[in-house]
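The values are calculated or read from the model by the stated rules, or taken from the named source; none is laboratory data. All values reported here derive from a predicted model rather than from experimental measurement. Glycine also receives a Cβ, built like all others from the backbone with ideal geometry; neighbour counts cover every protein chain displayed. Please note that ligands, DNA and RNA were not included when accessible areas were found on the heavy atoms of the full protein model with its side chains. Shrake-Rupley method; radii C 1.70, N 1.55, O 1.52, S 1.80 Å.
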Amino acid sequence: MKLQIALDLLRTRDALLLLGKVAPYVDIIEIGTPLVKAEGLAVLRAIKTAYPEKELFADYKTMDAGELEATMAFEAGADSVGVLALANDATIAGAVKAGHTYQKRVVADLIGVPPQNRLSRISELKDLGVSHVELHAGLDEQSLPGYSIVDLLKTISGSVLPFAVAGGINASTIVTVRDAGAEVAIVGGGIYGAEDPQDAARRLRSAIK
Ligand SMILES: O=C([C@H](O)CO)[C@H](O)[C@H](O)COP(=O)(O)O
């Protein structure tokens, strides 16, 4: 299983400072939605230039204009881009088309897809040419009483596509995520919110190696 850091920060400078401490422990660098909204395409260029050997994921959460937004991300250096699974099939198909054009990856983010609909939507996404999905409880959902990553993981069992998982993963839960069959564990707050982000990243890496 790969480890992806979600840079949900607001400044490129802070993202680069954090990466200076944690990059050796992660496989994929995610430009978080708040960061790309704050800094635009320049943050993709800056981080790809600083870490050309790392896979760069642009967390666009695209809901419309799939081909255009994916193209923008790919041309700025992203190796993969996120489109919302809730988007219209035409949006998904547009993003997939850009992925083929640039030979890069499109990940469909299941955030907001009701649990009972997830597996059927994954099958539809596969038919639309999507190759990877993300099982995702966002920051707001995580803050609700009773949120449990174990319950989240139950809803992906039987997926016909490889999946990443995001939803408040930390050093105590990452092994459960791996054992559920995830291809990628995405960790944001568990690293950037830790007292010692480098130690947090090191412990996450050693838990799954
Ligand atoms: O995608 C995310 C969220 O929607 C804010 O943009 C996070 O990057 C993702 O949830 C991972 O972060 P943590 O849940 O803090 O690990």
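List every residue pair whose Cβ atoms lie under 8 Å apart, where the two residues are 6 or more positions apart in sequence or sit on different chains, the first residue falls within the stretch 175-187 and is open to solvent by 10 Å² or more (accessible area, probe 1.4 Å) and among the β-branched types (V, I, T), and the second residue, located anywhere, is part of a helix (DSSP H, G or I) and at pLDDT 95 or above. From the stretch 175-187, the pairs are V175/A207; V175/I208; T176/I149; T176/V150; T176/L153.
Of everything in the stretch 188-206 that is buried (at least 18 other Cβ atoms within 10 Å of the Cβ) and among the small types (G, A, S), the residue that is farthest from V160 (Cα to Cα) is A194. Looking across the stretch 114-137, the residues that are more than 14 Å from L153 (Cα to Cα) and either within 16 Å of the ligand (Cβ to nearest atom) or of a type in the set (D, E) (or both) come down to E124, D127, H132. Against the test of being hydrophobic (A, V, I, L, M, F, W, C), without any contact (Cβ under 8 Å) to a residue 60 or more places away in the chain, outside any helix (DSSP H, G or I) and on the phi < 0 side of the Ramachandran plot, the options L86, L35 yield a single qualifying residue, L86.
Take A95 and tell me if it is more than 16 Å from the ligand (Cβ to nearest atom) and open to solvent by 50 Å² or more (accessible area, probe 1.4 Å). Steps first, please.
On the way: more than 16 Å from the ligand (Cβ to nearest atom): yes; open to solvent by 50 Å² or more (accessible area, probe 1.4 Å): no.
Criteria not met by A95.
For the stretch 141-207, give me every one of the helices (runs of 4 or more DSSP H) that falls completely inside it and has 3 or more residues that are more than 11 Å from the ligand (Cβ to nearest atom). Result: 149-154, 174-179. Scanning the stretch 63-92 for residues that are open to solvent by less than 50 Å² (accessible area, probe 1.4 Å) and over 22 Å from L139 (Cα atoms) yields A65, G66, A70, T71, A73, F74, A76, G77, A78, D79, T91, I92. For R121, are the conditions met, namely being out of contact with any Cys (no Cβ under 8 Å at 6 or more places or on another chain), part of a helix (DSSP H, G or I), under 29 Å from A98 (Cα atoms) and open to solvent by 10 Å² or more (accessible area, probe 1.4 Å)? Taking the combined requirement at face value, the residue satisfies it. Take the conditions (1) modelled with pLDDT of 95 or more; (2) under 20 Å from I28 (Cα atoms); K209 misses just one of them, which is (1).
Kindly indicate whether E55 is open to solvent by 10 Å² or more (accessible area, probe 1.4 Å) and touching an Asp or Glu at 6+ places or on another chain (Cβ under 8 Å). Taking the combined requirement at face value, the residue satisfies it. Total residues in the stretch 39-81 satisfying the condition of being among the hydroxyl-bearing types (S, T, Y) and in a loop (DSSP other than H, G, I, E, B): the figure is 1.
For the stretch 1-32, the set of residues classified as part of a strand (DSSP E or B) and without any contact (Cβ under 8 Å) to a residue 60 or more places away in the chain consists of I29, I31, listed by residue number. Among the residues of the stretch 9-52, the one identified as within 13 Å of the ligand (Cβ to nearest atom), charged (D, E, K, R) and open to solvent by 40 Å² or more (accessible area, probe 1.4 Å) is K37.
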